[in-house]
1. Could you work out the local net charge near Glu46, counting Lys and Arg as +1, Asp and Glu as -1, over the other residues with Cβ closer than 15 Å to its Cβ?
2. Output ³J(HN,Hα) for segment 46-57: one whole-Hz value per residue in order, computed from phi by the Karplus curve 6.51 cos²θ - 1.76 cosθ + 1.60 with θ = phi - 60°, and x for Gly and Pro.
3. So for Ser31, Ser36, Ser42, fewest C-beta neighbours within 10 Å to most, what's the order?
Amino acid sequence: MYCRMLKKAVQQGRREQRSDAYAVPYVEPLSEARTSLSGFFSILLEFEEVVKEIFPDPGQN
């Protein structure tokens, strides 16, 4: 009996959840981006070089 009452209370709570509890993350438009596309890719290339220094490829001796 107690288990059934608990299950009913949980289901009722799920139905009453408000949709605004899950906020949509902010994504700025590309026209207002603070980092240019070329800047973004240069950061990725620099990151790749750092990763290669830290974790060298064992197949390349």
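1. Numbers: positive: Lys52; negative: Glu48, Glu49, Glu53.
Charge balance near Glu46 sits at -2.
2. Karplus-based 3J(HN,Hα) across segment 46-57 equals 5, 4, 4, 5, 5, 4, 5, 5, 6, 10, x, 5 Hz.
3. Details: Ser31 5, Ser36 9, Ser42 12.
Going from sparsest to densest Cβ surroundings: Ser31, Ser36, Ser42.
No value in this document is a laboratory result; all are computed from the given coordinates. All of these numbers come straight from a predicted model, not from anything done at the bench. For neighbour counting, all protein chains shown are included, and Cβ atoms are generated from backbone atoms with ideal geometry for every residue, glycine included.
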